[in-house]
Amino acid sequence: MAVLSQDQIERIELLCGYAQFQNLTRTQLQADFTQAVVDRVAEILSQLETIDTQLIQVREDNYVAESRGTKLDYKYHTRQLKMSGYTLLLELGTILGIRVLKNRYVHTGSGSNHNYW
């Protein structure tokens with residue numbers, strides 16, 4: 001059996017929306033997992049870090065509309081990155097047996113305004 005490192009546990013808690021330490025979640029994350037689960041967690045954390053870096057790059061470069069005759073679609077690229085992050089974060093919670101309280105990759109804006117009154 002294998003365990004997650006303290007750094008991985010703290011990163012997972014932050015990614016899954018746990019702003020404060022919670023005993024139940026921490027106990028679950030400190031449990032013994034198979035080596036395959038620990039390896040997959042490490043891979044997911046690495047992929048999420050890459051996605052976060054790419055999202056920052058998109059935000060920095062989104063002022064360029066066209067380059068060498070190629071039109072760039074940053075909105076689509078951002079949406080694809082966020083969808084990948086969303087899916088990976090859900091997988092992370094599932095394989096570790098914890099709830100994702102807040103998925104930071106969810107697009108909250110719908111593009112239209114709704115009035116309920």
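The values are calculated or read from the model by the stated rules, or taken from the named source; none is laboratory data. Small disclaimer: the values here were computed from a predicted structure and weren't measured. Positions of Cβ are backbone-derived with ideal geometry, glycine not excepted, and every protein chain shown enters the neighbour counts. These accessible areas exclude ligands, DNA and RNA; they are computed on the full protein's heavy atoms, side chains included. Shrake-Rupley method; radii C 1.70, N 1.55, O 1.52, S 1.80 Å.
Can you tell me which residue is surrounded by the most Cβ atoms within 10 Å (Cβ to Cβ) among those in region 73-103 that are among the basic types (K, R) and either touching a helix residue (DSSP H, G or I) at 6+ places or on another chain (Cβ under 9 Å) or outside any helix (DSSP H, G or I) (or both)?
For region 73-103, the residue satisfying everything is K82.
Taking region 1-15 only, how many residues are exposed (fewer than 13 other Cβ atoms within 10 Å of the Cβ) and over 20 Å from N103 (Cα atoms)?
4
Just the residues that are hydroxyl-bearing (S, T, Y) and without any contact (Cβ under 8 Å) to a residue 60 or more places away in the chain, please, taken from region 7-57.
T27, T34, S46, T50, T53
I'm checking my understanding of the structure. Among residues of region 16-32 that are hydrophobic (A, V, I, L, M, F, W, C) and open to solvent by 100 Å² or more (accessible area, probe 1.4 Å), which one is farthest from K102 (Cα to Cα)?
Of everything passing the filter in region 16-32, L24 is farthest from K102 (Cα to Cα).
Going through region 25-46 one residue at a time, which ones are within 15 Å of T94 (Cα to Cα), assigned to a helix (DSSP H, G or I) and among the small types (G, A, S)?
Those that are within 15 Å of T94 (Cα to Cα), assigned to a helix (DSSP H, G or I) and among the small types (G, A, S): A36, A42.
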